[in-house]
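*Asks:* Starting off with a structure, shown below.
The values are calculated or read from the model by the stated rules, or taken from the named source; none is laboratory data. Computed from a prediction, not measured in an experiment: that's the story for all the values here. A quick note on method: Cβ atoms are made from the backbone with ideal geometry, for glycine too, and the neighbour counts reach across all protein chains shown.
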Amino acid sequence: MLKGKRILLIVAGGIAAFKALELVRRLRERGASVRCVLTEAGARFVTPLSLQALTEDRVYSDMFSLTDESEMGHIQLSRDADLLVVAPATANILARMAAGLADDLAATVLLATDKPVLVAPAMNVRMWTHAATAANVETLKKRGIYFIGPNDGAMACNEFGPGRMSEAEEIAAVVERMLAPAEQPLAGKRAVVTSGPTREAIDPVRYISNHSSGKQGHAIASALAALGAEVTLVSGPVAIADPPGLTTVHVDSADQMLAACLEPGRIDIAVCAAAVADWKAAKPATAKIKKKAGAAPPSLELTPNPDILATLSKAGPERPALVVGFAAETENLVANAIDKRKRKGCDWIVANDVSPATGTFGGERNTVHLISATGVEDWPTLAKGDVAMRLAGRIALHFGRPKRAEAAE
Ligand SMILES: Cc1cc2nc3c(=O)[nH]c(=O)nc-3n(C[C@H](O)[C@H](O)[C@H](O)COP(=O)(O)O)c2cc1C
């Protein structure tokens, strides 16, 4: 989504500077090119070499470097970007920006730019709440500087409160919204996306579950939100962060997942990407089942879980206009998925091979087939984010609102 966009990332001297490395990766995997300016203090926390390796570009630090000035003057550096991002933004650099200082390359570039500037502050909670910092932030906001964070949380200095730099993923999502906001073909549409596994209790400490990581479902939720849909993500227990810019509801069991899917009321789009357990314990124990010496292992009686996909697909005035299911199979993938689409009554099925050899569960890539009433499309192996964008694009097309790129295909 950031293909062709140029970001100038200014890394100042805070503990959170290590997160700038992650930010470079998140921006580059979205297609942006990233060039870094590192302050003198910043270089105490991350090396120019790390930033250079990750950006595949030189890192600029010295205002009076003859080589840098002849190759890329400091004014050109500030203008030769679509967006300037300061991450981490220290109390010091915020003060210098507010005062209009130009006492090093970072400050000079920030003063000379005519491009939008996004800052991600990171500092000790007392520095952040200090009246001087608060006044500087207010001044900068009035001048049109964009802010993201800081977040609340535990800090490296053993204190708790606002001051943690926003996560790289959050910053990248905001950059995306700032630089690629034009196409919102799903604006006004409401969507529910399920993601991750479910956990079915056997007793208060044991459960039945599966290997779903939630990466594909979460990516689909983000992709629909990026196209303007109002998205509720219903997530089973996963180890990945809630995506920014949408509502995430956390559930454990299939029963809870179904209730959360019905909660938003009338929706236009349902994408059931969660790996819902087919069965649950018929009578979960209320106390931990004890192991008794010499006794045979207890047997586990199972009962079917509610069928979320079939429930959402049921015809009626409340049915979403488009219901998309997922079929995770280890054999006869397409045939089973075609059959599943008919049995469940959904509109489309995204079929993916989850045999261990494919590395789909927990992996970054996915090979899927999109099955609809009109046929089967075989998609190439793609990053899960790209599968998500492609699916969201198809959904926009279904509603007669093609993304420009898709319309031109
Ligand atoms: C270990 C250590 C951690 C620091 N962490 C921060 C921080 O998180 N945020 C901040 O505003 N300043 C922090 N500072 C202070 C800045 O490094 C200092 O104000 C410096 O002058 C910032 O320069 P710059 O804004 O030009 O990068 C830290 C200093 C040290 C020694």
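*Asks:* Need at least 1 residues that are in contact (Cβ under 8 Å) with a residue 60 or more places away in the chain per element, so show me which helices (runs of 4 or more DSSP H) inside the range 1-93 make the cut, counting only ones lying wholly within it.
*Replies:* Counting at least 1 such residues, we get 18-29, 74-79.
*Asks:* Looking at (1) without any contact (Cβ under 8 Å) to a residue 60 or more places away in the chain; (2) near the ligand (Cβ under 10 Å from one of its atoms); (3) not in a helix (DSSP H, G or I), can you tell me which one Asp114 breaks?
*Replies:* Looking at each condition in turn, Asp114 falls short on (2).
*Asks:* Here is a further query. Inside the range 1-22, can you point out the residues that are within 17 Å of the chain's Cα centre (by Cα) and under 25 Å from Val387 (Cα atoms)?
*Replies:* Passing the criteria: Met1, Leu2, Glu22.
*Asks:* Please determine whether any residue of the range 92-102 is crowded, with 20+ Cβ neighbours inside 10 Å and more than 12 Å from the ligand (Cβ to nearest atom).
*Replies:* The answer is no, given that none of the residues of the range 92-102 is crowded, with 20+ Cβ neighbours inside 10 Å and more than 12 Å from the ligand (Cβ to nearest atom).
*Asks:* A further question on this structure: Name the single residue, out of those in the range 149-198 being free of Cβ contacts under 8 Å to residues at least 60 places away in the same chain and away from the ligand (no atom under 16 Å from the Cβ), that is surrounded by the most Cβ atoms within 10 Å (Cβ to Cβ).
*Replies:* Only one residue fits best here, namely Gln184.
*Asks:* Here's another thing I want to ask about it. Contact list please: Cβ distance under 6 Å, first residue in the range 121-145 and farther than 23 Å from Glu167 by Cβ, second residue among the hydrophobic types (A, V, I, L, M, F, W, C) and buried (at least 20 other Cβ atoms within 10 Å of the Cβ), pairs at least six apart or on different chains.
*Replies:* Qualifying pairs under 6 Å: Asn136/Leu94.
*Asks:* Right, something else. Which condition from (1) surrounded by fewer than 21 Cβ atoms within 10 Å (Cβ to Cβ); (2) modelled with pLDDT under 95; (3) of a type in the set (A, V, I, L, M) is the one that Ala327 breaks?
*Replies:* Looking at each condition in turn, Ala327 falls short on (1).
*Asks:* Please pick out the residue among Thr133, Thr108, Thr139 that is outside any strand (DSSP E or B), more than 29 Å from the chain's Cα centre (by Cα) and within 11 Å of the ligand (Cβ to nearest atom).
*Replies:* Testing whether each residue is outside any strand (DSSP E or B), more than 29 Å from the chain's Cα centre (by Cα) and within 11 Å of the ligand (Cβ to nearest atom) leaves just Thr133.
*Asks:* Here are some conditions: (1) crowded, with 16+ Cβ neighbours inside 10 Å; (2) of a type outside the set (Val, Ile, Thr); (3) at pLDDT 95 or above. Lys283 meets all but one. Which one does it not meet?
*Replies:* (1)
*Asks:* Quick one: which residue in Thr47, Thr108 is closer than 20 Å to Ala16 by Cβ and either surrounded by fewer than 20 Cβ atoms within 10 Å (Cβ to Cβ) or not assigned by TED's automatic domain parsing to the domain that holds Ala20 (or both)?
*Replies:* Criteria check complete, one pass: Thr47.
*Asks:* Which one of these does Glu40 not meet: (1) away from the ligand (no atom under 13 Å from the Cβ); (2) acidic (Asp, Glu); (3) within 19 Å of Gly13 (Cβ to Cβ)?
*Replies:* Of everything listed in (1) away from the ligand (no atom under 13 Å from the Cβ); (2) acidic (Asp, Glu); (3) within 19 Å of Gly13 (Cβ to Cβ), Glu40 misses just condition (1).
*Asks:* Being among the basic types (Lys, Arg) and surrounded by fewer than 19 Cβ atoms within 10 Å (Cβ to Cβ), is that true of even one residue in the range 358-381?
*Replies:* Yes: one or more hits.
Residue by residue, here is whether (1) within 16 Å of the ligand (Cβ to nearest atom); (2) aromatic (Phe, Trp, Tyr); (3) buried (at least 20 other Cβ atoms within 10 Å of the Cβ) holds:
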{"site": "Thr55", "(1), (2), (3)": "no, no, yes"}
{"site": "Arg58", "(1), (2), (3)": "no, no, no"}
{"site": "Ser70", "(1), (2), (3)": "no, no, no"}
{"site": "Pro88", "(1), (2), (3)": "yes, no, yes"}
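*Asks:* If you don't mind, there's one more thing I want to ask. Condition first: assigned to a loop (DSSP other than H, G, I, E, B) and within 22 Å of Ala98 (Cβ to Cβ). Now tell me which residues in the range 142-181 satisfy that.
*Replies:* Result: Arg143, Gly144, Ile145, Ile148, Gly149, Pro150, Met165, Ser166.
*Asks:* Hand me the list of strands (runs of 3 or more DSSP E) wholly inside the range 330-381 holding 2 or more residues that are in contact (Cβ under 8 Å) with a residue 24 or more places away in the chain and out of contact with any Phe, Trp or Tyr (no Cβ under 9 Å at 6 or more places or on another chain).
*Replies:* Those strands (runs of 3 or more DSSP E) span 348-353.
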